[in-house]
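J.: Have a look at the structure that comes next, please.
Here, each number is a calculation from the coordinates, and none is a lab measurement. These figures come from a predicted structure and were not determined experimentally. Methodologically, a virtual Cβ is constructed for each residue, glycine included, from the backbone with ideal geometry; neighbour enumeration extends over all protein chains shown.
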Number of protein chains: 2
Amino acid sequence: MQAVRLLLVGLGNLGWRFCELLAAKGPEVESRYGLRLLLVGVADSQGTAYNPDGLDPARVAAVKKGGGSAADLPEGRPGERALALIARAEADVLCEASPVNLRQGAEPGLSHVRAALERGMHVVTPNKGPLVLAYRELHDLAARHGAQLRFDGTVAGGLPALYIGQRDLRGATVHRIEAVSNLCTGYVLELLADGLSWDEAQARAREEGVLEADPSFDLEGWDAAAKLVILVNGVMEYPARLEEVERTGITALSGADVVAARREGRVYKLLATADRLPDGSVAMRVAPTPLLGDHFLARLGRKQMGVVYHTDIYGTIMAAIDEPTPLPSAATMLRDILDIYR
Amino acid sequence: MQAVRLLLVGLGNLGWRFCELLAAKGPEVESRYGLRLLLVGVADSQGTAYNPDGLDPARVAAVKKGGGSAADLPEGRPGERALALIARAEADVLCEASPVNLRQGAEPGLSHVRAALERGMHVVTPNKGPLVLAYRELHDLAARHGAQLRFDGTVAGGLPALYIGQRDLRGATVHRIEAVSNLCTGYVLELLADGLSWDEAQARAREEGVLEADPSFDLEGWDAAAKLVILVNGVMEYPARLEEVERTGITALSGADVVAARREGRVYKLLATADRLPDGSVAMRVAPTPLLGDHFLARLGRKQMGVVYHTDIYGTIMAAIDEPTPLPSAATMLRDILDIYR
């Protein structure tokens, strides 16, 4: 039995679910994989908690769901920053699940990831920000310190889009990637097609919890563009940057446009595409696109995301996930840990 | 640069395509992965050819496409059996692509795989027979000799169904698997739905090369059942056997049944399912099934295969491949080799 000591930074939607997962799956992970996953430290915006013998993950989840914070745990240190915890804790893996931020240098996530890798900790993260802004730097840093970096949850929730693209397409040239990777816009577009107004659709999406307080991140295509940048870096091995993505959000679209498209058998999706150009560069685009009804990505349901890889030797490979709750996204951290210790 | 010496047994549809692939992708594999793939020996039913410095894979492919055999190569030994080549050749990997045979103890493939593993060679194979009949035995044999066994091409052509199911679902319980993994029946069912008679549909499928000389292997569901057995062994970790599969072929179906289903918005597919039962066992079934039009697998096109995994923590994961030629199936041997030497 190998003990794996985990630090978890960020106890939001994904963080507390990951704690519940550790509590529920711990015994099974021990018996199937010989790994004892020990949550030794957690941090959120209010403080930290650390216990080298292990915190109780079920208790962490319960405290957060009850409106409390890491600082309220018996081992809590109110006011301590995550970065300080990463600096002092003895751990094997940092699970970085702090809020996504594509501005302000992707902070605080980027500093967390850097600090952990510099200490030789492996990092697993569903946080897009650090990867979008510093893909190459973080990989180089990990390699220098003999650490592993995994981020399967950054591109399409719980869909193993990166694993498929990086491992299962080995030997292939990927000519084109198509992805529908943002749940929120898919949901809003479907409501618009049903005839709801923009206001009604946004209100419904907010009730359902798929629309963030600041909806522009999703609706203006930033989220889809960020995911595309990571996919292109990881799968096409091209150093894509966010500012290279030609980006159009769905807010320019009227409800009438969407309804008319449906009448013609087309389905609007916020489609992200990447095309390899003859000069070796990659053209990236995010835009609402009226897909023909028989397109693989046109058929995605309300809580589904998908990706299509067009390759030279493996045909066209399509994958999708039905993700009714954020659990699969949280579970990508478990997948990543088990991949590191396979 | 690491040299990897390959033996290829079976120069049919997949074998010669794999030779072409080696010729076309060799330089890229060297530069991207630091591996020099050296085809040192080949065998077919007429004989063998062996050269420790490497055969020319393009020439092997050309000889086969011209109606010749391994024995016709400059290094050829007419009449030598593959098993003798495996016994005498110095090689690192056996690529076993001899014809699938679920009867006669899966021979000759099973003996080839056993002999190679016993010599400590890794084995990659798209040949279902040995895995269906001796899944556990071959894994134990590989472990005892420190060899790797890969067979990603056995379950759904070039779709990495096993890699997704085994690696990307780590930590999950897979409740149910659904698969449409047989191209031939999908093609025939679609022609029947278009109103063709059984005779016309079979004739068309034969022209297109999707129907074997002995069509019962596909039409009676043996192929789909064999693939399901491997999936269940690999992904559900249950020691499934072929005789446990409740199997109904598509020949019991009349063209009128298929046409009537389409009129009601349903699509007949030869569906393979595996359900985990409360006692831990797995119920397996292959049967023509009228899927609702919005079922993921109902939407597969003529040259597509797909699989759906219902899991506890990763939601529902769906994957499909569009495979217009057998190239992706042949390329699974490259994928498997690159996975062994990653």
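J.: Divide by every residue of the protein assembly as shown the summed helix terms, -39500 (n - 2.57) for each DSSP H run of at least 4, and state the resulting mean residue ellipticity at 222 nm, rounded to the nearest 500 deg cm²/dmol. Write down the numbers at each step before the final one.
T.: Values: 22 runs with 252 residues, N = 684.
Computed ellipticity for the protein assembly as shown at 222 nm equals -11500 deg cm²/dmol.
J.: Still on this structure, I have one more. Net charge near residue B:132: determine it from the other residues with C-beta under 10 Å of the C-beta of residue B:132, scoring Lys and Arg +1 and Asp and Glu -1.
T.: Values: positive: B:128, B:227, B:241; negative: none.
Combined, the nearby Lys, Arg, Asp and Glu give +3.
J.: If you build a Gaussian network model of chain B, linking Cα atoms that sit under 10 Å apart, which residue out of B:294, B:218, B:322 swings the most?
T.: B:294
J.: Pairs to check: B:64/B:269; A:227/B:227; A:64/A:227. Give those whose C-alpha atoms are more than 30 Å from each other in this structure. Walk me through the intermediate numbers first.
T.: On the way: B:64/B:269 35 Å; A:227/B:227 34 Å; A:64/A:227 28 Å.
Result: B:64/B:269; A:227/B:227 exceed 30 Å.
J.: Whole angstrom only: what separates the Cα centroid of segment B:77-110 from the Cα centroid of segment B:219-236?
T.: 23
J.: Fewest to most neighbouring Cβ within 10 Å: what's the order for B:145, A:295?
T.: Working: B:145 14, A:295 18.
Listing B:145, A:295 from fewest to most nearby Cβ atoms yields B:145, A:295.
J.: For segment A:161-322, what D do you get in µm² per second when you plug the Kirkwood radius from alpha-carbon pairs into Stokes-Einstein at 4 °C and 1.567 mPa s? Working shown, then result.
T.: Values: Rh = 16.0 Å.
Answer from the Stokes-Einstein relation: 81 µm²/s.
J.: Next question, about the same structure. Rank these for me by crowding, B:302, B:136, going from fewest to most other beta carbons within 10 Å.
T.: Listed from fewest to most nearby Cβ atoms, that is B:136, B:302.
J.: Among bridges DSSP assigns within the protein assembly as shown, what percent are antiparallel (round to 5)?
T.: Working: 77 of 117 bridges.
Around 65 percent antiparallel, to the nearest 5.
J.: So for A:122, B:175, fewest C-beta neighbours within 10 Å to most, what's the order? Numbers along the way, then the final one.
T.: Numbers: A:122 24, B:175 14.
By the 10 Å Cβ count, ascending: B:175, A:122.
J.: Follow-up. Where does the charge balance sit around residue B:292 when Lys and Arg score +1, Asp and Glu -1, over other residues with C-beta under 14 Å from its C-beta? List each step's numbers first, then the result.
T.: On the way: positive: A:299, B:262, B:263, B:266, B:269, B:299; negative: B:178, B:264, B:294.
Result for the local shell: +3.
J.: So which aspartates and glutamates can residue B:25 reach, going by Cα to Cα under 12 Å and dropping same-chain residues fewer than 8 places off?
T.: A:312
J.: Additional query: Calculate how large, on average over all directions, the projected area of the Cα convex hull of the protein assembly as shown is; give the answer in nm² to one decimal. Don't skip to the answer; put the middle values down first.
T.: Working: hull surface 121.5 nm².
Projected area, direction-averaged: 30.4 nm².
J.: Using C-alpha positions alone, give me the convex hull volume of segment A:1-80 per residue in cubic angstrom. Mind showing how you got there, number by number?
T.: On the way: hull volume 6.0 nm³, N = 80.
Per residue, the Cα convex hull of segment A:1-80 comes to 75 Å³.
J.: Now, a different point. Using a cut-off of 12 Å between alpha-carbon atoms, which aspartates and glutamates can reach residue B:128, once sequence neighbours fewer than 8 places away in the same chain are excluded?
T.: Within the straight-line limit of under 12 Å, residue B:128 reaches these aspartates and glutamates: B:96, B:107, B:152, B:223.
J.: Strictly greater than 24 Å: what percent of every Cα pair in chain A meets that? Write down the numbers at each step before the final one.
T.: Values: 32492 of 58311 pairs.
So the pairs more than 24 Å apart make up 56 percent of the total in chain A.
J.: A further question on this structure: Kindly work out what percent of the DSSP beta bridges joining two residues of chain B are antiparallel, to the nearest 5.
T.: On the way: 35 of 55 bridges.
Of those bridges, close to 65 percent are antiparallel.
J.: State the extension gain, in nm to one decimal, for the chain segment bounded by residue A:90 and residue A:53, taking 0.36 nm per residue of separation less the distance between their alpha-carbons.
T.: Numbers: separation 37, 0.36 × 37 = 13.32 nm, distance 1.06 nm.
Taking 0.36 nm per residue and subtracting the Cα distance, the gain is 12.3 nm.
J.: Hey, another quick one. May I ask for the net charge around residue B:258, where only other residues with Cβ less than 15 Å from the Cβ of residue B:258 are counted and Lys, Arg are +1 while Asp, Glu are -1?
T.: On the way: positive: B:204, B:262, B:263, B:266, B:269, B:302; negative: B:190, B:194, B:199, B:200, B:257, B:264.
With Lys, Arg at +1 and Asp, Glu at -1, the net is 0.
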